[in-house]
Structures are given as structure tokens and as C-alpha cells.
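Input: a single structure, listed below in C-alpha cells.
The values are calculated or read from the model by the stated rules, or taken from the named source; none is laboratory data. Source: prediction; values computed, not measured. Reconstructed Cβ throughout: ideal geometry from the backbone, glycine too, with neighbour counts over all protein chains shown. Please note that ligands, DNA and RNA were not included when accessible areas were found on the heavy atoms of the full protein model with its side chains. Shrake-Rupley method; radii C 1.70, N 1.55, O 1.52, S 1.80 Å.
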Amino acid sequence: MSALEAIHFGIDLAGARGGCTLAGLDQHLGIAVLEQASAADVMEVLASQPRAVVAVNGPVRPNLGLMMDGPFRKALSPAPRPGSWTDCRVAEYDLWQRGLRVARTPAEADRCPAWKRRGFSLYQDLLAQGFGWFSGRPGTGAARRIMETDPLVCYAALLERLPFRKKSLEGRIQRQLVLYTHRVDLPNPLRIFEEFTRYRLLQGILPLDDLLNQSQLDALSAAYAASIAAQKPDQVTMVGDPAEGQVLAPVRPLLARYD
């Protein structure tokens, strides 16, 4: 695996069946790498990069219990109802209030799904390789930086509405069209409609060769978020508490509600 031209990377863990999907974009949003690989292979690629900005689709760590702290909860807007939202991260509570139903992260790692636990290890491995946290402030940070993002948050932010379900055909077309519209070097997914014919539909032949799968699209959304964070840090939004992990969206500001 080679990604020498890539400087903005996105990693998707949830849809890769025990591994990762790695996307790498160059400074012009050309695709330098888009592959499914093991976590070890991904680390080998990233460790060899003299400069790289990496966005990971997954939480940094389990929640730290901030949502169980009474004074902390009262300071939130809106404040959660008593007894609710006690076992999640602050970022997840904020995103749900905006209509973005991201997965909640428990306080104990062994209660988290396997893909989240792989993410916890991946962040630690990246830190051990000398990566620093993306700060969100222009002109600051190491040459190699990492951040957390989420594909639903990215696509909703870019669309200014909730996307179609990512497992559906229309959801995949919509997501690829979003990236294509934002100048990621992908085939225009609307071209597939030129290939739909009566004969092909009756024969069960769908012309989907140029349409990416959901894990590839999710990894590319993270790589795109990394590119915006690196090149236009004043145009991103970071949601959550820095101590337990902030989720980055490649727009500023986020809407109060996505429907």
C-alpha cells in the first residue's frame, strides 16, 4: 500500500468487517489511496508520512462521566432532563439535540462495540507515532495531526439536512454526489442513470461500477473533513468537551437542527 501523495487521511472502522477503510486525498482532493486494510497496515502507511492530517470516524475514548455531573449538566443548553443522558459523551448529547443521532459511547470500554475499541487503540497508536491533536486554531499544531469526526455529521453538515440512509442506493448516490460537488475527484454518480435501460433492469443488471460502497464513502468524508481542517481551520466546528473527545464537522457553524 502506498500513499505518498496523500496528506489528508480518513479512516472508517464501522463498515470494514474487522479492519479499516483508509482514504487519502492530496492537496487538490485527488484520491491517492482508497483501500480496506488491517489496522497494522494503516499504521504502517501513516507512520511513514512526514506530514499528514488524519480524521477518524469513531470516538477517541469512552465517556468520562461528565454527563453525570449535576453542575455540568445544568450548564448545558438545553439542560438534559433528570436521569437522562447520563452514559454518553458531551459531544453525542449536543449532536442529538441537533437531530444527528450518532452512536452513544458508554463509560466502560468493554461495553463498546468492537469497532469503537479498535478506534481507541488506533488513536493511542497514532499518538505514540508522534501525531498531535488538531486544536482548531489556525497556525497551531504539529505537522502530523489527528481528529475525530463522524460520517453522519459530515454529510448532514454539507447537505444542511439529514442524508438518506447510507445503506440505501439513494444514500450512496447522495453521499458520492456531495463529495463530487465539493471537488473530491470522484466519478459523477448521476452518470449511472444514463446506463439504466429497460433490458438491464429486467435482467437484474445494475450499472453501479462507478458508485462507491458505504465504507469508502464514509472514509472519504473523513478525509475531506481532514482537508478542510488543515487548509481552512476557521471553517470547521468542533462539538463536545476536549477532555473526552470533540467531533469535527467541516462547516461553520453547525445548524441548530437537522431535519
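Scan region 165-192 residue by residue and report those that are open to solvent by 50 Å² or more (accessible area, probe 1.4 Å), modelled with pLDDT of 95 or more and among the aliphatic types (A, V, I, L, M).
Hit for region 165-192 is LEU177, nothing else.
How many of the residues in region 7-33 are in contact with a Leu (Cβ under 7 Å, 6 or more places away or on another chain) and surrounded by fewer than 24 Cβ atoms within 10 Å (Cβ to Cβ)?
Within region 7-33, residues that are in contact with a Leu (Cβ under 7 Å, 6 or more places away or on another chain) and surrounded by fewer than 24 Cβ atoms within 10 Å (Cβ to Cβ) number 3.
Can you tell me which residues in region 151-184 are assigned to a loop (DSSP other than H, G, I, E, B) and within 14 Å of the chain's Cα centre (by Cα)?
LYS166
If you check ARG101 against the conditions, is it modelled with pLDDT of 95 or more, touching a Pro at 6+ places or on another chain (Cβ under 7 Å), more than 16 Å from GLY245 (Cα to Cα) and outside any strand (DSSP E or B)?
No; evaluated as a whole, the condition is false for this residue.
List the residue pairs whose Cβ atoms are under 8 Å apart, where the first residue sits in region 185-199 and is under 17 Å from GLU170 (Cα atoms), the second is open to solvent by less than 60 Å² (accessible area, probe 1.4 Å) and modelled with pLDDT under 85, and the two are 6 or more positions apart or on different chains.
ILE192/PRO207; ILE192/LEU208; GLU195/PRO207; PHE196/PRO207
Quick check: is even one residue across region 239-250 open to solvent by 30 Å² or more (accessible area, probe 1.4 Å), hydrophobic (A, V, I, L, M, F, W, C) and out of contact with any Pro (no Cβ under 8 Å at 6 or more places or on another chain)?
yes
Residues to consider are ALA47, ALA6, ALA79; find the one that is among the small types (Gly, Ala, Ser), under 22 Å from ILE228 (Cα atoms) and out of contact with any strand residue (DSSP E or B) (no Cβ under 9 Å at 6 or more places or on another chain).
ALA47
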